[in-house]
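Data block below; observations after.
The values are calculated or read from the model by the stated rules, or taken from the named source; none is laboratory data. Model, not experiment: these values are computed from the prediction. Cβ coordinates were reconstructed from backbone atoms using ideal geometry, including for glycine residues, and neighbour counts include every protein chain displayed. Note: accessible area is taken over every heavy atom of the protein model, side chains too, but ligands, DNA and RNA are not part of it. Shrake-Rupley method; radii C 1.70, N 1.55, O 1.52, S 1.80 Å.
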Amino acid sequence: MTGERAKHGARHVAIIMDGNGRWAKKRRLPRAIGHQRGVEAVRSVARAARTMGLDALTLYAFSTENWSRPEDEVSALMGLLKHFIQSDLEEFVRDNVRLKMIGEWRALAPDLVALIDNALERTAANTGCTLAVALNYGSQDEIARAAAKAAAKGEVSVQTIEAELDTAGLPPLDLLIRTSGEVRLSNFLLWQAAYAEMIFTDVLWPDFGPDNLAEALAEFAQRERRYGGR
Ligand code: IPE
Ligand code: IPE
Ligand code: MG
């Protein structure tokens, strides 16, 4: 399916996976359990993205602002990420999924960076769906870094900045989804969202599954995109 447009017309979907904490709170469970269930949602939605014919799925896993959370929550999140890469890498290799990272993930703990480097290398030649994980990601930081690189090369323009963004090489963003009822971007893909369609749903991330993705893609297919034209 990759390379040719699926019936819904979307090639690149991004998700702000929000609401793990509230999901846990509703059940009087620790927040870490909410994050754990969030990883299960990642797994099923990433599989669905592939079978639904997306070329790229970008997931907001950890923001540059999330460092302000309590240390135990940050380390629980990093631990889950580590475990996720370890447990799912072989599936990505097998299913032709190309892993990509966006954000300042190289500033994370050396063991995590090494694990990620290996996963990127193992899936680099894959030609199916790209799963891009935004890790230690902030869009303002990304744009500033890209502009600085463009300037260093001698020309600052929309095209030269875009070519230096962490998302360079991914298809243009078609649809941005945020779960949990919050209606804001929280420093995610500010540049890339210029003409993306947006869907905000009240569903909490651990409850978000393939049916919700299918529903969002069906809604996307109904949208009329104008890009400023008429
Ligand atoms: C999203 O869930 C996961 C991350 C930000 C890493 P939250 O932890 O933000 O959940 P809420 O917003 O408190 O419900
Ligand atoms: C956005 O969610 C970041 C991720 C999903 C990784 P937050 O929960 O951090 O966003 P705010 O603080 O509610 O804006
Ligand atoms: Mg949140």
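For Leu213, state whether it is open to solvent by less than 20 Å² (accessible area, probe 1.4 Å), within 23 Å of Gln36 (Cα to Cα) and modelled with pLDDT of 95 or more. Criteria met by Leu213.
Conditions (1) in contact with a Gly (Cβ under 7 Å, 6 or more places away or on another chain); (2) buried (at least 16 other Cβ atoms within 10 Å of the Cβ); (3) aromatic (Phe, Trp, Tyr), marked per residue:
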residue	(1), (2), (3)
Ser186	no, no, no
Trp191	no, yes, yes
Val203	no, yes, no
Pro206	yes, yes, no
Ala218	no, no, no
Arg226	no, no, no
Gly229	no, no, no
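Put simply, of Leu80, Leu108, Leu54, Leu89 the only residue that is touching a helix residue (DSSP H, G or I) at 6+ places or on another chain (Cβ under 6 Å) and more than 16 Å from ligand 3 (Cβ to nearest atom) is Leu89. Hey, any hits in region 126-148 for a residue that's basic (Lys, Arg) and closer than 25 Å to Ala48 by Cα? No, that holds for no residue.
Taken as a whole, region 163-172 holds no residue that is surrounded by fewer than 16 Cβ atoms within 10 Å (Cβ to Cβ), at pLDDT 95 or above, over 28 Å from Ala6 (Cβ atoms) and of a type in the set (Gly, Ala, Ser). Scanning region 12-31 for residues that are within 16 Å of ligand 3 (Cβ to nearest atom), farther than 18 Å from Thr201 by Cβ and either outside any loop (DSSP other than H, G, I, E, B) or in contact with a Lys or Arg (Cβ under 7 Å, 6 or more places away or on another chain) (or both) yields Ala24, Lys25, Arg31. With respect to Ala14, is the statement that it is within 16 Å of ligand 1 (Cβ to nearest atom), modelled with pLDDT of 95 or more and within 25 Å of Ala221 (Cα to Cα) true? Yes, satisfied. The criterion of at least 3 residues that are touching a residue at least 40 places away in the same chain (Cβ under 8 Å) and within 23 Å of Glu215 (Cα to Cα) is met by the following strands (runs of 3 or more DSSP E) wholly inside region 87-198: 130-137, 175-178.
If you check Gly53, Gly9, Gly34 for being in a helix (DSSP H, G or I), of a type in the set (Gly, Ala, Ser) and open to solvent by less than 20 Å² (accessible area, probe 1.4 Å), only one passes: Gly34.
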